[in-house]
Amino acid sequence: MSKPKSPQTIAASNGIGGDAAFGAVTPPLYLTSTFAFDGFEREGPYTYTRSANPTRDLLADTLAKLEGGAGAVVTASGMAAIDLVLSPLGPDDLILAPHDCYWGTYRLLAVRAEKGHFGVAFVDQSDELAMAVALESAPSLVLIETPSNPLMRVVDIASLAGLAHAEGAKVVVDNTFLSPALQRPISLGADFVVHSTTKYLNGHSDVVGGAVIAASADAAKALADWANITGVGGAPFDSYLTLRGLRTLFPRIEQQQRNAGAVATFLVGQPGVKAVHYPGLPNHPGHRIARRQQSGFGAMLSFELEGGAESVRAFLGALKVFVLAESLGGVESLVAHPQSMTHAGMSAEARQAAGIGAGLLRLSVGLEDQLDLLADLDQALQAIPSASAIENTIMSIN
């Protein structure tokens with residue numbers, strides 16, 4: 001009996017050298033919308049790319065193996081993946097979602113709930129009492145995002161999955177921030193894992209995509225059937241590029257999280273930095289859980305500046321290596337201001353409840369030289385006016 005392949009080997013070589021037609025080492029790209037039948041009433045394994053495509057199927061197979069699932073569906077975006085996993089729900093079903101989840105997810109859930117497609121309750125999932133009360137409402141699905149975007153809150157997947165299953169609920173985990181290189185939610189009890197493959201899985205900020213991985217074969221088939229009906233599958237070329245990016249997932253994320261750890265350590269205690277949110281820091285509230293359920297702390301972090309928007313404006317204006325942009329997980333380092341960018345559509349009340357203030361910044365740490373990243377942050381922090389100067393500016397505006 002052969003030894004199972006390690007995740008690193010799966011990422012680097014699944015499908016390599018498998019081309020039966022010409023022996024190509026790299027799996028070929030099938031840029032076709034339709035496939036020829038073998039004859040009258042004799043269809044081959046593929047008929048139409050909306051239904052299935054060899055390139056997309058190889059990516060799905062690789063992701064399912066990496067996450068330890070029975071099957072996967074590749075979608076056109078991360079939001080399409082979230083929407084697909086919600087597709088079995090009806091008006092009588094209730095979803096428990098994180099109160100501090102990604103704004104795109106929050107918006108989708110809220111809008112569909114308003115249309116009566118299902119019910120939704122946004123809950124602080126780190127609050128055991130709040131979750132216990134919410135679970136008494138007999139939810140059909142519990143959506144977990146850990147670490148959360150952008151506050152990096154960590155949820156105990158195994159514990160919450162056990163509680164959810166006891167109430168008859170399915171569990172979905174958004175694993176975008178860590179990828180299967182650092183966290184495998186199905187092994188912790190999740191029924192589904194969702195990804196924005198745009199982020200770490202592709203890793204090069206040049207493709208938009210998503211995926212749902214199911215723990216059971218029946219669930220995977222049901223999702224694939226619905227994806228065919230609705231046409232949300234990812235394009236073959238996007239799948240090809242994502243698979244190419246996936247080949248280097250493990251070495252990329254290893255270096256990125258080393259850089260992120262150094263950045264987080266540097267920011268702690270810096271003048272003008274009020275708080276640093278990174279699960280790798282020993283004083284992070286979710287540090288122990290992260291150590292237990294993750295194999296690394298990832299390359300995402302957020303921090304809060306004293307002085308609010310005025311400090312943020314000065315800091316961002318001085319950066320030279322970090323790029324102000326949305327998205328994350330690429331080889332380049334990015335900085336985002338959640339209040340005005342990724343979570344701008346959230347109501348002020350919802351942002352306040354989630355802890356997203358004017359001084360909060362989110363970093364996606366890339367593969368640049370560590371010293372260059374630290375030097376960039378250092379000079380940008382020094383560009384922030386003193387607290388007294390900020391106060392005088394605010395008073396003069398008012």
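The values are calculated or read from the model by the stated rules, or taken from the named source; none is laboratory data. Being a predicted model, the structure only gives us computed values, none of them experimental. No Cβ is skipped: glycine too gets one built from the backbone with ideal geometry, and neighbour counts run over all protein chains shown.
Numerical summary
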quantity	calculated
Of all residues making up the range 87-123, the number that are in contact (Cβ under 8 Å) with a residue 40 or more places away in the chain, in contact with an Asp or Glu (Cβ under 9 Å, 6 or more places away or on another chain) and within 23 Å of Ala220 (Cα to Cα)	2
Top-ranked residue of the range 1-27 - restricted to ones that are under 28 Å from the mean Cα position of the chain (by Cα) and in a loop (DSSP other than H, G, I, E, B), ranked as modelled with the lowest pLDDT	Pro4
When residues of the range 318-338 are limited to those that are in contact with a Gly (Cβ under 7 Å, 6 or more places away or on another chain) and not β-branched (Val, Ile, Thr), the one surrounded by the most Cβ atoms within 10 Å (Cβ to Cβ)	Gly329
Among (1) in contact with a strand residue (DSSP E or B) (Cβ under 6 Å, 6 or more places away or on another chain); (2) free of Cβ contacts under 8 Å to residues at least 12 places away in the same chain - the single one Glu43 does not satisfy	(1)
Number of the exception - Ile289 against (1) over 16 Å from Val263 (Cα atoms); (2) in contact with a strand residue (DSSP E or B) (Cβ under 6 Å, 6 or more places away or on another chain)	(2)
Candidates Val154, Val123 - the one that is under 24 Å from Tyr278 (Cβ atoms) and in contact with a Ser or Thr (Cβ under 6 Å, 6 or more places away or on another chain)	Val154
Residue match in the range 129-142 (condition: under 26 Å from Glu326 (Cβ atoms) and either crowded, with 19+ Cβ neighbours inside 10 Å or at pLDDT 95 or above (or both))	no
So Ile157, is it among the β-branched types (Val, Ile, Thr) and under 20 Å from Gly298 (Cα atoms)	yes
Flag if Gly272 is at positive phi, touching a strand residue (DSSP E or B) at 6+ places or on another chain (Cβ under 7 Å) and touching a residue at least 60 places away in the same chain (Cβ under 8 Å)	yes
Selected residue (criterion: nearest to Pro7 (Cα to Cα)) from residues of the range 165-178 that are in contact (Cβ under 8 Å) with a residue 40 or more places away in the chain and out of contact with any Gly (no Cβ under 8 Å at 6 or more places or on another chain)	Asn175
Ser2, sole failed condition from (1) in the same structural domain as Asp174 (by TED's automatic domain parsing); (2) farther than 19 Å from Gly209 by Cα	(1)
Any hit, the range 244-257, residues being at pLDDT 95 or above and touching a His at 6+ places or on another chain (Cβ under 8 Å)	yes
Number of the condition not met by Ser13 [criteria: (1) within 21 Å of Asp238 (Cα to Cα); (2) loosely packed, with under 10 Cβ neighbours inside 10 Å]	(2)
When residues of the range 154-210 are limited to those that are of a type in the set (S, T, N, Q) and farther than 18 Å from Leu66 by Cβ, the one surrounded by the most Cβ atoms within 10 Å (Cβ to Cβ)	Ser205
The range 300-325 residues that are closer than 18 Å to His277 by Cα and touching a residue at least 40 places away in the same chain (Cβ under 8 Å), paired with ones that are of a type in the set (Phe, Trp, Tyr) and surrounded by 19 or more Cβ atoms within 10 Å (Cβ to Cβ) (beta carbon under 6 Å, 6 or more apart)	Met300/Phe177; Leu301/Tyr278
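One line per residue, one yes/no per condition, for (1) assigned to a strand (DSSP E or B); (2) within 30 Å of Pro4 (Cβ to Cβ); (3) in the same structural domain as Gln183 (by TED's automatic domain parsing); (4) in contact with a helix residue (DSSP H, G or I) (Cβ under 9 Å, 6 or more places away or on another chain):
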{"residue": "Thr32", "(1), (2), (3), (4)": "no, no, yes, yes"}
{"residue": "Arg56", "(1), (2), (3), (4)": "no, yes, yes, yes"}
{"residue": "Asp83", "(1), (2), (3), (4)": "no, no, yes, yes"}
{"residue": "Asp92", "(1), (2), (3), (4)": "no, no, yes, no"}
{"residue": "Thr105", "(1), (2), (3), (4)": "no, no, yes, yes"}
